[in-house]
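K.L.:
Got a structure here, written out as structure tokens. Questions coming.
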Amino acid sequence: MGRNPMRAAITCCAAAALAVAMGTSYAAPSAQHTATDRAAHSRQTQDPVLIDCASQPRVRPEAFVLACGDGNSRLVSVHWLRWDANAAVGRGTNAVNDCDPYCAAGTFRSYPVTVRLDQPRASEADPGERHYTRVTLTYTDGRPDGFPRTVSYPLSG
């Protein structure tokens, strides 16, 4: 440690403390800075969200349960082509339980669909958040027995 081991040890400790302080100032932004970033991000991302069965906001989900009560209808493998302030449009598959002979013993059948989300509204719980309130499915190749080619459902939120 040279001729003055005490001075070398103090210098080494001071350098280490300075390096740690500088490292954490870059790695962990202040709480105020983080809150400001979140507020700016919130203003920048004003596109509506889709509220799932657990009341969680989702953006461009690949899967979504349509029948929250029993899970007998869901969207899977959804690829979103558009997601903006007015509507969201995607393509995917509607997996529907045929409930034959009854739902617990039924078989899920898959039908290709075009999905449209629209009619966005402000959230009652968080007025700064908007969510889509209607989903429209257009069956593109086959459809469940008794279903029209296009069907719309209200979305909760």
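K.L.:
So SER152 clears everything in (1) crowded, with 16+ Cβ neighbours inside 10 Å; (2) in a strand (DSSP E or B) except one condition, right? Which one?
P.N.:
(1)
For (1) without any contact (Cβ under 8 Å) to a residue 40 or more places away in the chain; (2) loosely packed, with under 13 Cβ neighbours inside 10 Å; (3) not in a loop (DSSP other than H, G, I, E, B), each residue gets a yes or a no:
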| position | (1), (2), (3) |
| --- | --- |
| VAL76 | yes, no, yes |
| VAL96 | no, no, yes |
| ASP100 | yes, yes, no |
| ARG116 | yes, no, yes |
| GLU124 | yes, yes, no |
| PRO127 | yes, yes, no |
| THR136 | yes, no, yes |
| ASP145 | no, yes, no |
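K.L.:
Filter the range 82-94 down to residues that are more than 19 Å from VAL151 (Cβ to Cβ) and either among the hydroxyl-bearing types (Ser, Thr, Tyr) or touching a Pro at 6+ places or on another chain (Cβ under 8 Å) (or both) and give me whichever is surrounded by the most Cβ atoms within 10 Å (Cβ to Cβ). Spell out the reasoning first.
P.N.:
From the range 82-94, those more than 19 Å from VAL151 (Cβ to Cβ) are 82-86; that's our starting set.
Still in the running and either among the hydroxyl-bearing types (Ser, Thr, Tyr) or touching a Pro at 6+ places or on another chain (Cβ under 8 Å) (or both): 85-86.
Working: ALA85: 10, ASN86: 12.
Ranking the qualifying residues of the range 82-94, first place goes to ASN86.
Every number in this text was worked out from the coordinates using simple rules, so none of it is lab data. Please read all numbers here as calculations on a predicted model, not as lab measurements. Neighbour counts are summed over all protein chains in view; Cβ atoms, including those assigned to glycine, are modelled from backbone coordinates with ideal geometry.
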